[in-house]
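Enquirer: So that we are looking at the same thing, I have put the structure below in structure tokens.
The values are calculated or read from the model by the stated rules, or taken from the named source; none is laboratory data. What you see is a predicted model, and the numbers here were worked out from it, not measured in a lab. Positions of Cβ are generated from backbone atoms using ideal geometry, with glycine treated the same way; all protein chains shown enter the neighbour counts. Areas reflect the complete protein model, heavy atoms only, side chains present, ligands, DNA and RNA absent. Shrake-Rupley method; radii C 1.70, N 1.55, O 1.52, S 1.80 Å.
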Amino acid sequence: MSMKRYDLIIVGAGPSGLSAAIEAARRGLKVVVFDENEKPGGQLFKQIHKFFGSKEHKAKVRGFVIGQQLLQEAAELGVEVVLNATVVGMYMDKEIVVKMGEEVHHFKGDSILIATGAAENMVTFDGWTLPGVIGAGAAQTMMNLHGIKPGSKILMLGSGNVGLVVSYQLLQAGCEVVALVDAAPRVGGYGVHAAKVARCGVPFYLSHTIMKAEGTECVTGVTIAQVDSHFKFIPGTEKHFDVDTICLAVGLSPMSQLLKMAGCEMEDNPRRGGQVPICDEYGETSIKGLFVAGDVSGIEEASSAMIEGRIAGIAAAYYLGYIDKEELDAKYQENQAALAGLRQGMFAPENRGKLVEKTEEGIDVSMNLLEKGFIAEDEIERFPGVTHTKGIHPVIECSQNIPCNPCQDACPKHCIKIGSHITALPAVDENVECVGCGMCVASCSGQAIFLVQEDYEPGYGTVTLPYEFLPLPQKGDKGFGLDRSGKKVCEAEVVQVRTSPAFDHTNLLTIKVPSDMVMKARFYKAE
């Protein structure tokens, strides 16, 4: 029996695998991608939020749309994508074993890329095996792929970006998130993601973790307690919540088993999330012609995974002689520069676990944001995006150096400045007149930009805020303005609701509030 051969075999049809397939196929390689799922795109198809980063790297595009774009590009280049195909083995001589249905097939690749991604971590506590304890990724799959509510009252454990983003998506799906809990003393993910959860009224319990899940047949409640600096429970600090679901967002581990099986040199690297292959700058492992990209080589964002995939796809083309060293070097430099851009700022890999106390501009970081999920009133004025001018103007509550700049491109009047350093805090040029178009509000992936008009009518001002919930409020509706912590602070009336294809499903809600509330009201709740 002859074995089917390919120039490049890719395992995993997620962001890194598809990006690699596109680059390799572009250079004439015959490429096949195997994926065990029935839908390609990896985790992208449940990512309904807008991505961070810069325009070149699909910033402010929603994850699932990026997935569609990659698939279409791969198809146009003749990449073969085989689904429901589980790669169960890989051997030294680049032979892989794939299970499809009941049959097992062998394939040989002149080069191979492993882009298998990561799996969710679990934590154990009393009752952790009860139905109702689920991973945050599973909750996202249920909501965003299958349209099913994971539960009605939910406690989230984990304040990294996954925990924060999924908590917000649970609220969007109509679930109640009773608390966001993390054993760490500070919020792990982006402050803007925490802030949009906090202003919906979700309380944050940092330095807390789960003691036990209650229930016999399924989860009916949960008890959390505070922990000391050695992560031991502090007696007397227990708090009980009635819940039907506990969501765990406690990190990811690289799915690197195939690499181990093939005999790659591996290392245990906690900074990268666990067992990872040792590889060079092109993603090539200790076995020549065997490459890795994405979370399997270290846990990062999908934007980084796509660039790593591109680099590996180009490197495979060079390895097989389809391109020369000059093209490899030029493309590597370009992609490496983009990666470096995404890997800087407060959340850069080298800052993992460290407390950054000042922004790169020298401004004190909001400690309230790190401990409670929202910027305190006595802290907000220190950030360069927070301004007070006559008439309508943007207030940008972006307080951390993250690699993101869609707001700078969104403003037709160029009144928002980030500059050439993508992690700089956005500032407002007060000499430029804001026309109130709201493009900045809609384009901010962190939902951290508001338009404020202090003198709308005597005694009243307006706040225009990003709104991604259904049902959409209507003009004339009355309700309440909530502050950054989600507390009701005033009565509010909806004076305008704007939707536009350019806003990409971020609606602009303008509420009328008492003048002294325009710097406090940051969310709207119907009566």
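Enquirer: I need the full set of residues from the stretch 147-161 which are among the charged types (D, E, K, R) and under 16 Å from the mean Cα position of the chain (by Cα), in order please.
Expert: Passing the criteria: none in range.
Enquirer: Failed condition for T124, given (1) under 26 Å from S253 (Cβ atoms); (2) of a type in the set (V, I, T); (3) crowded, with 16+ Cβ neighbours inside 10 Å, with all others met?
Expert: Going through the list (1) under 26 Å from S253 (Cβ atoms); (2) of a type in the set (V, I, T); (3) crowded, with 16+ Cβ neighbours inside 10 Å, T124 breaks only (3).
Enquirer: Right, something else. Any chance you could count how many residues in the stretch 427-449 are over 12 Å from G53 (Cα atoms), in a loop (DSSP other than H, G, I, E, B) and open to solvent by less than 30 Å² (accessible area, probe 1.4 Å)?
Expert: Final tally of qualifying residues: 5.
Enquirer: Right, something else. Please work out which residue is nearest to the chain's Cα centre (by Cα), limiting yourself to the stretch 75-89 and to residues that are more than 13 Å from F34 (Cα to Cα) and hydrophobic (A, V, I, L, M, F, W, C).
Expert: Going through the qualifying residues, I end up with A75.
Enquirer: Select from the stretch 467-486 the residues that are open to solvent by 80 Å² or more (accessible area, probe 1.4 Å) and either of a type in the set (G, A, S) or farther than 19 Å from G174 by Cα (or both) and list them in ascending order.
Expert: Across the stretch 467-486, the qualifying residues are K475, K478.
Enquirer: Would you please name the residue that is farthest from K108 (Cα to Cα), looking only at residues in the stretch 1-42 that are surrounded by fewer than 24 Cβ atoms within 10 Å (Cβ to Cβ) and among the polar types (S, T, N, Q)?
Expert: Ranking the qualifying residues of the stretch 1-42, first place goes to N37.
Enquirer: Additional query: For the stretch 473-491, name all the residues that are out of contact with any helix residue (DSSP H, G or I) (no Cβ under 8 Å at 6 or more places or on another chain) and over 17 Å from K196 (Cα atoms).
Expert: If the condition is that a residue be out of contact with any helix residue (DSSP H, G or I) (no Cβ under 8 Å at 6 or more places or on another chain) and over 17 Å from K196 (Cα atoms), then P473, Q474, K475, G476, D477, K478, G479, E491 are the ones that fit.
Enquirer: Would a scan of the stretch 90-108 turn up a residue that is open to solvent by 10 Å² or more (accessible area, probe 1.4 Å), among the small types (G, A, S) and either outside any helix (DSSP H, G or I) or in contact with a helix residue (DSSP H, G or I) (Cβ under 6 Å, 6 or more places away or on another chain) (or both)?
Expert: yes
Enquirer: Right, another one. Looking at the stretch 416-426, can you tell me whether even one residue there is over 20 Å from R522 (Cα atoms), in a loop (DSSP other than H, G, I, E, B), of a type in the set (D, E, K, R) and open to solvent by 20 Å² or more (accessible area, probe 1.4 Å)?
Expert: Looking through the stretch 416-426, none of the residues is over 20 Å from R522 (Cα atoms), in a loop (DSSP other than H, G, I, E, B), of a type in the set (D, E, K, R) and open to solvent by 20 Å² or more (accessible area, probe 1.4 Å).
Enquirer: Looking at the stretch 177-189, which of the residues that are in a loop (DSSP other than H, G, I, E, B) and open to solvent by 20 Å² or more (accessible area, probe 1.4 Å) is nearest to N351 (Cα to Cα)?
Expert: The residue in question is G188.
Enquirer: Could you please tell me which pairs satisfy a Cβ distance under 7 Å, a separation of 6+ or placement on different chains, a first residue in the stretch 230-241 that is polar (S, T, N, Q), and a second residue that is open to solvent by less than 100 Å² (accessible area, probe 1.4 Å)?
Expert: Close Cβ pairs (under 7 Å, with a partner that is open to solvent by less than 100 Å² (accessible area, probe 1.4 Å)) amount to T237/A225; T237/Q226.
Enquirer: Within the stretch 490-503, how many residues are β-branched (V, I, T) and under 30 Å from the mean Cα position of the chain (by Cα)?
Expert: Of the residues in the stretch 490-503, 2 are β-branched (V, I, T) and under 30 Å from the mean Cα position of the chain (by Cα).
Enquirer: Do you know which of the residues in the stretch 280-301 that are surrounded by fewer than 24 Cβ atoms within 10 Å (Cβ to Cβ) and of a type in the set (A, V, I, L, M, F, W, C) is farthest from D110 (Cα to Cα)?
Expert: Looking at the filtered set, the residue picked out is I299.
Enquirer: Still on this structure: How do the pairs read when you match residues in the stretch 469-481 that are touching a residue at least 12 places away in the same chain (Cβ under 8 Å) and farther than 18 Å from D504 by Cα with residues anywhere that are basic (K, R) and assigned to a strand (DSSP E or B), using Cβ under 9 Å and keeping only pairs 6 or more apart or on different chains?
Expert: Close Cβ pairs satisfying both conditions: G479/K525; F480/K488; F480/K525; G481/K488; G481/K525.
Enquirer: Still on this structure, please answer the following. Taking the condition of being out of contact with any helix residue (DSSP H, G or I) (no Cβ under 9 Å at 6 or more places or on another chain) and assigned to a helix (DSSP H, G or I), how many residues in the stretch 352-376 meet it?
Expert: Adding up the residues that qualify gives 1.
Enquirer: Another question about this same structure. Out of all the residues in the stretch 498-505, is one or more open to solvent by 10 Å² or more (accessible area, probe 1.4 Å), closer than 22 Å to G391 by Cα, modelled with pLDDT of 95 or more and not in a loop (DSSP other than H, G, I, E, B)?
Expert: Checking the stretch 498-505: at least one residue is open to solvent by 10 Å² or more (accessible area, probe 1.4 Å), closer than 22 Å to G391 by Cα, modelled with pLDDT of 95 or more and not in a loop (DSSP other than H, G, I, E, B).
Enquirer: Here's something else I'd like to know. Here are some conditions: (1) more than 16 Å from the chain's Cα centre (by Cα); (2) surrounded by fewer than 20 Cβ atoms within 10 Å (Cβ to Cβ). V133 meets all but one. Which one does it not meet?
Expert: Going through the list (1) more than 16 Å from the chain's Cα centre (by Cα); (2) surrounded by fewer than 20 Cβ atoms within 10 Å (Cβ to Cβ), V133 breaks only (2).
Enquirer: Give the residue that is farthest from the chain's Cα centre (by Cα), with candidates limited to residues of the stretch 380-402 that are open to solvent by 20 Å² or more (accessible area, probe 1.4 Å) and at pLDDT 95 or above.
Expert: Here the residue is I392.
Enquirer: If a residue has to be assigned to a helix (DSSP H, G or I) and either open to solvent by less than 50 Å² (accessible area, probe 1.4 Å) or of a type in the set (A, V, I, L, M, F, W, C) (or both) to count, how many in the stretch 335-351 make the cut?
Expert: 9
Enquirer: Now, a different point. Could you please give the count of residues in the stretch 327-375 that are among the aromatic types (F, W, Y) and in contact with a Gly (Cβ under 6 Å, 6 or more places away or on another chain)?
Expert: Selection size over the stretch 327-375: 0.
Enquirer: Let me ask another. Return the total of residues in the stretch 19-49 being outside any strand (DSSP E or B), in contact with an Asp or Glu (Cβ under 8 Å, 6 or more places away or on another chain) and among the hydrophobic types (A, V, I, L, M, F, W, C).
Expert: Final tally of qualifying residues: 3.
Enquirer: What are the pairs with Cβ atoms under 6 angstrom where one residue, in the stretch 60-83, is closer than 20 Å to A305 by Cα and the other, located anywhere, is open to solvent by less than 60 Å² (accessible area, probe 1.4 Å) and of a type in the set (V, I, T)? Sequence gap at least six, or different chains.
Expert: Every condition considered, the pairs that remain are R62/I48; E73/I22; A74/I22; V79/V31; V81/V33.
Enquirer: Taking into account only those residues within the stretch 330-366 that are over 23 Å from I418 (Cα atoms) and among the hydrophobic types (A, V, I, L, M, F, W, C), which is modelled with the highest pLDDT?
Expert: Checked the stretch 330-366; the qualifying residue modelled with the highest pLDDT is A330.
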